[in-house]
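Reviewing the structure listed below.
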């Protein structure tokens, strides 16, 4: 489908400029799309590794907790829960992946997870607390990675649509319209030359 334009040289020049800009824009967007896909694949792999690590740590933590639970009285279990003095500090920042703004969580754990009396509690309880303390920051990192994946996927789809619109719609239309105008101008030039020749012939 050609663009609706008048066949004149000024319009032809404008269309050629638009075509050059469209081709430059297409290259920039294509480069951006490639970079986004590379970032996406890398974050997906990191996310998968992190998820496997968390699953292993959670299994070990619950195993230690179950063993400790068998060794503690109900009163001791309640006391251990109440005396915990750990505090989680979460700071939300942002960072950029190929121009895409994504969240970045910084986690700090303060306080002593072993505020209970460690002398009269099983070692498995200490192990469980230590493992759960390690898992929580990892889960926050996982949440960050999954949100990053989601935002990158949205940007990839948006950029791909723009690349396709330029590659398969705008650029071909401009090329076809330029070709059409060139043909029309050539026809007009031939007609003008023929007219001049006829005038000269009639005057001779």
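Among the residues in the range 106-115, are any modelled with pLDDT of 70 or more and closer than 26 Å to residue 153 by Cβ?
yes
Kindly indicate which of 46, 55, 75 is modelled with pLDDT of 90 or more and loosely packed, with under 12 Cβ neighbours inside 10 Å.
Selected residue: 55, the only one of 46, 55, 75 that is modelled with pLDDT of 90 or more and loosely packed, with under 12 Cβ neighbours inside 10 Å.
Would you call residue 94 modelled with pLDDT under 65 and either farther than 28 Å from residue 38 by Cβ or surrounded by fewer than 11 Cβ atoms within 10 Å (Cβ to Cβ) (or both)?
no
The values are calculated or read from the model by the stated rules, or taken from the named source; none is laboratory data. Predicted model only: the values in this text are computed from it and were never measured. Using ideal geometry, Cβ is built from the backbone for each residue, glycine included, and neighbour counts are taken over all protein chains shown.
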